[in-house]
Amino acid sequence: MEWLQRVFIPLTRPQDPTQARLLILDGHDSYISDDFMWNCFDNNIHLVYLPAHTSHVLQPLDLSVFSPLKHAYRKHLNNINTWAESTVVSKQVMLKCILKARQEAVTA
């Protein structure tokens, strides 16, 4: 409830209050409470519960977001000219590659 009220609702609130949001959840007990579902209903948030023990198969974000992001990140890492098997990737290099990959792969 705390995450829903302090993070999800305020950070995903649409400019047009008639627009609905979608929240995809696994079957954890904390998401199936009356208070949680009522808060979502009251804030025009549609809930989709993934069937139990199927998130490893369904994982919608893995297919639509993280897979293209990982592919783009690996591509940018491979473009580093000073790369060798024993090279340790610095935080700065890692962050630059992640930023480029995110700009490339995470699109509307």
task = Provide the FRET efficiency to the nearest 0.05 for the SER33-ASP62 pair, computing r from the beta carbons and using R0 = 41 Å.
result = 0.95
key: Förster radius 25 Å - calculated FRET efficiency between ILE24 and SER90, Cβ distance, rounded to 0.05   = 0.10
key: Förster radius 22 Å - calculated FRET efficiency between LEU50 and ARG74, Cβ distance, rounded to 0.05   = 0.20
ask   = Ratio of Rg to Rh for the chain, alpha carbon only, Kirkwood?
value = 1.11
ask   = Could you work out the helix-only [θ] at 222 nm for the chain, with each DSSP H run of four or more residues adding -39,500 (n - 2.57) and the total divided by the number of residues, to the nearest 500 deg cm²/dmol?
value = -11500 deg cm²/dmol
remark   = Expected vector for region 15-27, Karplus 3J(HN,Hα) from phi with 6.51, -1.76, 1.60 and θ = phi - 60°, integer Hz, x for Gly and Pro, equals 5, 8, x, 7, 6, 8, 10, 10, 10, 9, 10, 7, x
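Read-outs: derived from the displayed coordinates by stated rules, not from any lab. Quick caveat, the model's predicted, so the values are computed rather than measured. Because the Cβ atoms are built from the backbone with ideal geometry, glycine has one as well, and the counts that use them run over all protein chains shown.
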